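Coordinate-derived values only; no laboratory data. Source: prediction; values computed, not measured. Cβ placement follows ideal geometry from the backbone for every residue including glycine, while neighbour counts extend to all protein chains displayed.
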Amino acid sequence: MTSEHGPPGTSTIFDVIDVHYAYHDTPALTGLSLRIERGERIVLLGANGSGKSTLLRLLDGLYFPSRGRIEAFAQALDEEHFHHDETAFAFRRRVGFVFQNSDVQLFNPTVFDEIAFGPLQLGWPKSQIRTRVAAILDEFSIDHLKDRPPHRLSGGEKKRVALASVLAIDPEVLLLDEPTAALDPKSASALIDFLVTCRGSGRTVITATHDLDIVEDIADRCIVMEAGRVIASGTPHEILMDVPLLTRAGLSHVHLHLHGATAAHSHHHLHHDHHASAGGHHD
Amino acid sequence: MAEQSFVRHGRHRGNFLDRLADGLAHAVDHALEADDLSRRDGLLQRLDPRVKLGGVFGLILVAVFVKSLAVLAALFWLAVGLAAVSRVGPWRLARQVWIGVLAFTGLIALPAVFLVPGDVLFNLPVLSWPVTLQGVRSAAFLLGRSETAATYALLLVLTTSWPHLLKAMRAFRVPTVLIVIFGLTHRYVFVFLRVATQMLEARRSRLVGPLAPRDRRRLATATAGVLLTRAFDMSTEVHLAMVSRGYRGEPRLLDEFRMRPLDWAAVAGSIAVAAMALWWQA
């Protein structure tokens, strides 16, 4: 496993240095440091309340650290950065964020408007927007939904539209907060397929999740968080094999269940394909 | 237009929570039904929303200012005809407009039948109140104008999806910020209806027997309070989602309407009808 800090390289996208953030009196991030390089596919792993979503919002310039510093594309990511249209639009053009709750993200009256929203705000020419929206509708196979209001979409369709609306601006960095949460297996599978295809595309993808089943498919590197800080970083294989680490991070648990016979016993559950070999060790 | 109460009354049985949940579900059904109607293959549904908005507004103005009952009646029957070719049945018009307008405006118009001085047609039995020709004409104008204007307005709403209607309003220089607010309201009213329904179902699953009136009031205010808190939280999240995609406080919208020959024909038709109506009464 790797340590997080050394001097930043030319390919560094985000450099997060000793960042603290609190919601009123409740700390969410407590001295978090990490570095993310261009083209990496990162998974942020952690239990509920570990600070994953807060970190994504900081990386998207929606929140700002109360202490510490974040650099994005070799520039300080602070409130000053967003005071000017030019720097703000340049950042928004490069970073897209898919929220966990699609209802929050789909605020336009129709799917067409939803996908056109980002390019419109960034001042693209209208003819280019129309072309881009048509291409995205086709790419995501949602052309038949373009006149539908979001409240008439299924959960899977909403997530697909939310992703399409963010990708309309073709961002270099894609942030996803619990993308497979509350999706049926087919919709989740389609989303994972997309994230798999991001490998080698040059796009940096940062996904917050506690779904260990998808990690090996969508990540080159895992960052494990606990109580608002990074406790480990490594390849998916390294992380998923480390049962004590996952247990400490609240990602593995022990519960009683039956194995065919009537006698109940307990062992670790990672909810992961390899959990038997990765140390589904019996207590 | 008849609108839905969130608490259903009448023949519907059940306790307060049942009726409240049923009322919420009915409100959603009502909106979805109207949305489906706007997607049917009818004449008005095929028109550019800007043409419909302008045409309907123009015809309503003519109906309001026209001084001939015959012209008013012709405009009314034109609306009924347009409804028929747009797959909006007369029963829907009667239920959503005519009965309500008749009850409400009729009550206002009724005194004019007796109070406006003029040629007496007959006297009411028992009360001996005189019914005058001028009074009847005055009441007929009020009622006819209201029914005609409301019928056109309902036709516009039923045959145009809300998003398209909002975009059409932009063509008439309605401020963008207002349109965005209307759009967001329409978008999130469904989210909150769903949240409210889920809250009521959760509460209902833990209740046995009817609620006392005091408890009903307490429940209603508690539900409203929770919804308000959730609305506030959600509005913060929605704002963040907008900011994340480049929103800087100035909303921008994209029009995708294109005028086709049918739309130009409708524009010409609306102008012709308005001109004929004004010429006929002159």
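Based solely on C-alpha atoms, express the radius of gyration and the Dmax of segment A:92-179 in angstrom.
In Å, with Rg to one decimal and Dmax whole: 11.8, 34.
Compute the long axis of helix B:49-65 from its Cα atoms, compare it with the longest principal axis of the Cα atoms of chain B, and write down the angle in degrees, 0 to 90, nearest 10.
50
Taking Cα atoms, how many degrees apart are the long axis of helix B:261-281 and the longest axis of chain B, rounded to 10 and kept between 0 and 90?
Approximately 40 degrees, to the nearest 10.
Between residue A:197 and residue A:64, what's the calculated FRET efficiency when r is the beta-carbon distance and R0 is 35 Å? Round to 0.05.
FRET efficiency, residue A:197 to residue A:64: 0.60.
Rounded to whole Hz and in sequence order, give me ³J(HN,Hα) for segment B:115-123 from the Karplus expression 6.51 cos²θ - 1.76 cosθ + 1.60, θ = phi - 60°, writing x for Gly and Pro.
Coupling constants for segment B:115-123: 8, 6, x, x, 6, 7, 8, 6, 10 Hz.
List the chymotrypsin sites (Phe, Trp or Tyr not before Pro) within segment B:144-234 that DSSP assigns to loop and that have no more than 12 neighbouring Cβ atoms inside 10 Å.
B:172
Is the C-alpha gyration tensor of segment A:116-251 telling us rounded, prolate or oblate? Criteria: a/c under 1.5 is rounded; beyond that, a/b larger than b/c is prolate, otherwise oblate.
It is prolate, given that a/c is not under 1.5 and a/b is the larger ratio.
What is the distance in Å between the Cα centroid of segment B:91-152 and that of segment B:72-86?
20
If I model a spin label as a point 7 Å beyond the Cα along the Cα-Cβ vector, how far apart are those points for residue A:126 and residue B:61 in nm?
The modelled label-to-label distance comes out at 2.4 nm.
Given the pairs A:159/A:186; A:126/B:167; A:146/B:167; A:52/A:186; A:126/B:52; A:126/A:146, which span a C-alpha to C-alpha distance of over 23 angstrom in this model?
A:52/A:186; A:126/B:52
Could you check the simple spin-label distance between residue B:214 and residue B:248, using points 7 Å along Cα→Cβ, in nm with one decimal?
It works out to 5.8 nm between the two label points.
Restricting attention to segment B:104-177, which trypsin sites (Lys or Arg not before Pro) occupy a DSSP loop and are surrounded by at most 13 other Cβ atoms within 10 Å?
Listed in order of number, the matching sites are B:173.
How big is the antiparallel share of DSSP beta bridges in the protein assembly as shown, given as a percent to the nearest 5?
Of the beta bridges lying entirely in the protein assembly as shown, close to 65 percent run antiparallel.
So what's the Cα pair-distance distribution over segment A:171-234, bin width 5 Å, in %?
4, 15, 28, 26, 16, 9, 2
Between segment A:18-69 and segment B:231-272, how far is it from one alpha carbon centroid to the other, in angstrom?
Answer, in whole Å: 35.
In whole Hz and in residue order, list the ³J(HN,Hα) couplings for segment B:182-190 that follow from phi through the Karplus curve 6.51 cos²θ - 1.76 cosθ + 1.60, θ = phi - 60°; x for Gly and Pro.
Ordered by residue, 3J(HN,Hα) equals 4, x, 5, 4, 5, 5, 8, 4, 6 Hz.
Determine the principal axes of the Cα atoms in the protein assembly as shown, then give the extent along each, sorted from largest to smallest and rounded to whole angstroms.
Answer, in whole Å and largest first: 100, 61, 44 Å.
Can you work out ³J(HN,Hα) from phi for every residue in segment B:135-150, in order, using Karplus 6.51 cos²θ - 1.76 cosθ + 1.60 and θ = phi - 60°, giving whole Hz and x for Gly and Pro?
Values per residue, Gly and Pro as x: x, 5, 4, 4, 5, 5, 4, 4, 5, x, 5, 5, 4, 5, 4, 5 Hz.
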